[in-house]
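First comes the structure, then the notes that go with it.
Bear in mind that the values in this text are calculations on the coordinates, not laboratory data. As the structure is a computational prediction, the values presented were derived from the model and not from experiment. Every residue, glycine among them, receives a Cβ derived from its backbone with ideal geometry; neighbour counts consider all protein chains shown.
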Amino acid sequence: VIPSAFDYVAASTVDEAVQALSAAGEDAKILAGGQSLVPVLRLRLATPTTLVDLNKISELRGIRDDGDAIVIGAMTTHHDVINDPHLAEHAALLALATRTVGDPQIRHRGTLGGALVHADPAGDLLAPVVALDAEMVIAGPGGRRTVGAAEFFVDLFTTAVGPDEVLVEVRIPKKTGWGAHYEKFNRVAQAWSIVAVAAAVRIEGSSIAEARVALTNMAAIPVRAYGVEEALIGQVAEAAVIRAAAEHAAEGTSPSSDGNADADYREHLARVLTERAVAAAATTAAGG
Amino acid sequence: MTATTQPTTGEFGRARKRKEDARLITGRTRWTDNISLPGMLHIAVVRSPLAHARITGISTDAAQQLPGVHGVFTAADLGAEGISLPCAWPITADMKAPQAPPLAVDTVHFAGEGVAIVVARDAASAADAVEAVEVDYEALEPVLDTETALAEGATLVHPALGTNRNAFWVFDSGEVGSGRSADEAIAAAEADPDSIVVRRRFRQQRLIPAFMEPRSVVVDPTGEQLTMWSSTQVPHILKTMAALTLGLPEHKVRVIAPDVGGGFGGKLQVTPEEILALLVARRMGKPVKWTETRSECMLAAHHGRAQIQDLTVAARKDGTVTALKVELMTDMGAYLRLVTPGIPLLGAFMYNAIYKFPAYHFACTNVFTTKTPTDAYRGAGRPEATFAIERMMDELATELGRDPLELREQNWITHDEFPFTTVATLTYDSGNYEVATAKAKELFDYDGLRAEQQRRRKANDPVQLGIGISTYTEMCGLAPSRVLGALSYAAGGWEHASVRVLATGKVEAVTGVSGHGQGHETAWSQIIADRLGVPFEDIEILHGDTQVSAKGMDTYGSRSLAIGGIAVVKAVDKVIDKAKRMAAHLLECSEADLEFHQGTFTIKGSNRSITIQEIAFAVFAAHNYPDGVEPSLDSEATFDPENFSFPHGTHLCAAEVDTETGRVRIRSYVCVDDVGKVVNPLIVEGQVHGGLAQGIAQALFEEAVYDDGGTLTSGTLADYLVPSAADLPHFTTDRTETPATSNPLGVKGVGEAGTIASTPAVVNAVLDAVRHLGVTDIEMPCSPQRVWRAVQSARGAVKSTSEHTTEAAAGGGLGSIDAQGGAG
């Protein structure tokens, strides 16, 4: 279908975007890469009165090394995330997860910020930023504020970004030398995750010194698998240990049921995929 | 008879790239939706969200007031209440057929049925106005299950019919005399300690044809002929049926199928929207266009399959099959469309497949439900038959502890038994199952994979390996007209062609088939180039416009080459006959003294000759031609086949099943198909690849799912999983060539073979991987969850899903995104 009529504002600065959102009120929406929004508009599942387009705001694009963190502009495309050398070195988990998003066309249009603010529980970039303890910088009428990833995701399709606010950048603390893996489970290549697991581990000697595990689509928001992490820390990175730790994966989750998977199957998948993700992450960490 | 592929020097058999692809791939062509006429108005359809409901009120006032809206119409407004969309296949004399109006009258019978239409100056205004039409419904109980639909006291989809049963159709070899009574043979087997009887139930899920180009129709009422462009497979049938349905004089209707982006049977239809577009265009006196959205296409265009299959096989314990009984329950959906009730009949003659069953009984019960109507989808009845019998042969092998391939070989028709008349009364003209199977086994490394399977089983590997077999045949090239008549089909199965030789020696060939992606323009040009001896580039193939191609039966059922291509050959031969008369006249010799080779007539034993191009110009000038002969080379031919064509082949699939997650990965896929002589190997390869993809899709991915209220929940391509290349394995394809004896080219059809053959190969492989764990069946599609649960259930460790609370919405589908959603 053709979307219903809306006003269109192409902002050229973040301030302009914030002003446009404030002026438009509750029924405005932000257009980033459009890979989720445009289908929703065409299906008329959303009928915003105003679209504020961020594509002309050049300050929102790009990735930079900011000392102890890598900073990614919200409008940076998936393609750029995948191919960035800073991320490959210091936050490989995000790049690995981003590789699994959509297809090449989608990855050239879709943006990190758009995917995060859209907050589809099956989206693949939510769990990695939670696992990596990322911080989100949000601009609004009152200036800028920073929200941790754990507080950023509020509910299904709902984040801490207010109706007159814009996500500006994502700061990811460096995890240099960590092993990482994103284990995605879906039925066809171009589909959302039924369940996926983001895992990053740091190995010292033969033991796991630090571990981060977060789950995709196991609740309305991404779930940090603290039980798995605790069971791994200080342990030798071997199969039996990882398998035992992965048994904790479904703790604290509240998965839904749909045509692809009932909740109990999702819980089972969470355990199996966690085992695989942690094992793969440990291998890449140990192998350098 | 059987030969492997040989390189060719002529056009016939050359792997040419298709000449139509440049325009199709770049989109620089005419699709129906690209057509824009002066003053054209746009139609959008208001569709029912409910499966079964009484319409208590339709308020169009608000929509009428919107800018750009020219009209909002119900069936009553259009005088369409008495119109019924055509069903051309009344399979039995007492078949129950409801009236099928183009818009619902009083009651809606499936979710997605049109209730009203909006006509506006542009598509956006029409879309806005659809939302402003208010329809009040009184919900009725949906009828979703074919078995309960037949129970006493069941809600009736069409109360006037007094039943939900559309028809009951039977074939029995004992009654026909083509074999024994299956019931008697089964009873005898049950009493015989040296025999075995195996009964199984299979479920053919509902599928959505998912062609690439959504349907579109444009009608221009401003000329002397009412002209309709439609994204259809069947312009000729559409023309005749539109005339009959609306009482229009047939000569006042012209139908054009321009380039059409796929159909798979889904555009073998006369649609409500085509009829509505005709009605509105005539009423408003202006051109109108309707183009559907993908969601409309999924919801309202006809679906396929949707059968429950009960099979009984009797066999001696040595493996020899003695009887086959098939009982089908087939879901018609809410209405009968063009060939809806006949789809199971296209499978009725194929359940016995390549095996020598001495007794056969087939019965189908067609049932109405409040779902989208079903009709033809790639293979139409034959994939269902092939799936059931090939699954059944594996079940029999399991029961007997036999290798499934050996068991097949024991029962199949051997190459020296052709022509072979089957228990279902068809005569298979040619085939060689031994050669195709041997070749497939070798390419597949059958023995090596069986050894690996044993290793994995012994090691209790979490990833198990299974091997699936499908040794199929199918009947295609629809169809001998007399056979269609005997099956109560309303039309024939002949095909027409004409060949025009222009003054400059170029050739225009008109074909009655209507390609929509098959590559007819290339293949027909190759056939003509060789036969008439003119360059490939000098040939234009014309089709799809009833003003140009006046006669035809269109494209479906893998008929285009085996019927339409032969009509072209017959027309070319008439051209050559006429040219020969002219050549003899011009060379002043007797026709008997001439030989024709590569476009040139030569007097035998001399160097005196004349080319077809020279003759063409001489005929054009018409200064010098024999008395009593028309100065023309142009010729036409109508070909009515004497038999179907019977492609066959052996498909082998190796599937890895991850028992921890239930995920199936096709490790290797080998198919050796025998489609007779091949005009263009690249086109055949493309047909096989696409066919495999669609057959594998049924096995693993696709299903039209309805909820308890009758709402289609797989209504977008985010929910209805059409696999892409990334989800499919590398295909190892090869061929044997056993020429068909029923046509002069020795060709058989290839359009449906891959789809027909592949589904059981994949499911057999999945089951073979986990059967040793105790799994006996997995419904299609074999989704990871289904496979995992089957393994868990077999291990006695399954957990009840009811223990788990269900959240309102899961992520991962467009349907889950609500209006409060964040921005992307």
**Fill in**
The answer for A:G33, listing residues at least 5 apart or on another chain whose modeled amide H is closer than 5 Å to its amide H, is A:T111, A:G114
**Message:** Tell me which GluC sites (Glu not before Pro) from the stretch B:160-262 have a DSSP coil assignment and no more than 10 other beta carbons within 10 Å of their own.
**Reply:** B:E224
**Request:** Within 10 Å of each residue's Cβ, count the other Cβ atoms and sort B:W290, B:W494 from fewest upward.
**Result:** B:W494, B:W290
**Request:** Could you work out the equivalent-ellipsoid semi-axes for the stretch A:156-288, taking the square root of 5 times each eigenvalue of the Cα gyration tensor, largest first, in whole Å?
**Result:** 26, 20, 13
**Fill in**
Whole-Å distance linking the alpha carbon centroid of the stretch A:104-125 with that of the stretch B:726-798 is 35 Å
**Message:** What does the charge count around B:V675 come to, taking other residues whose C-beta lies under 9 Å from its C-beta (Lys +1, Arg +1, Asp -1, Glu -1)?
**Reply:** 0
**Complete:** Counting sequence-distant residues (5 or more places) and residues on other chains, those with an amide H built under 5 Å from that of A:G148 are A:M136
**Item:** Around B:L41: net Lys/Arg minus Asp/Glu count, Cβ-Cβ under 12 Å
**Value:** +2
**Prompt:** Hey, fewest Cβ within 10 Å first, where do B:E703, A:E204 land in order?
**Reply:** A:E204, B:E703
**Request:** For A:R224, enumerate residues with amide H under 5 Å from its amide H, sequence gap 5+ or separate chain, H modeled in the peptide plane.
**Result:** A:L215
**Request:** Name the most mobile residue of A:A131, A:A239, A:A32, meaning the one with the largest mean-square fluctuation, in a Gaussian network model of chain A with Cα contacts below 10 Å.
**Result:** A:A239
**Karplus 3J(HN,Hα) series, Hz, for the stretch A:142-158 with 6.51 cos²θ - 1.76 cosθ + 1.60 (x for Gly, Pro)** = x, x, 10, 9, 10, 10, x, 4, 5, 9, 5, 8, 9, 6, 3, 6, 9
**Message:** With the cut-off at 24 Å, tell me which of the pairs B:K551/B:K574; A:K56/A:K175; B:K17/B:K580; B:K17/B:K677 have Cα atoms farther apart than that.
**Reply:** A:K56/A:K175; B:K17/B:K580
**Message:** Quick check: the distance between the Cα centres of the stretch A:127-173 and the stretch B:520-569, to the nearest angstrom?
**Reply:** 62 Å
**Message:** When 1/r is averaged over all different Cα pairs and the result inverted, which Kirkwood radius in Å belongs to the protein assembly as shown?
**Reply:** 32.0 Å
**Message:** Taking θ = phi - 60°, what integer Hz values does the Karplus form 6.51 cos²θ - 1.76 cosθ + 1.60 yield along the stretch B:208-213, in sequence order, with x for Gly and Pro?
**Reply:** 10, x, 6, 5, 6, 8
**Item:** Rounded to whole Hz, the Karplus (6.51, -1.76, 1.60) HN-Hα couplings of the stretch B:689-694, x for glycine and proline
**Value:** 4, x, x, 4, 4, 6
**Prompt:** Taking a temperature of 20 °C and a viscosity of 1.002 mPa s, what whole-number D in µm²/s does Stokes-Einstein yield for the stretch B:149-291 with Rh from Kirkwood over alpha carbon pairs?
**Reply:** 108 µm²/s
**Prompt:** Sorted from fewest to most neighbouring beta carbons within 10 Å, what does the list A:V241, B:V705, B:V339 look like?
**Reply:** B:V705, A:V241, B:V339
**Request:** On a C-alpha basis, how far is the centre of the stretch B:643-709 from the centre of the stretch A:250-288 in Å? Whole number, if you could?
**Result:** 31 Å
**Request:** Have a look at A:R171, A:R276, A:R64 and tell me which one the Gaussian network model of chain A (Cα, springs below 10 Å) gives the largest fluctuation.
**Result:** A:R64
**Request:** Evaluate the Kirkwood expression for the hydrodynamic radius of the stretch A:1-90, namely the inverse of the mean inverse distance over all pairs of different C-alpha atoms, and round to one decimal in Å.
**Result:** 14.6 Å
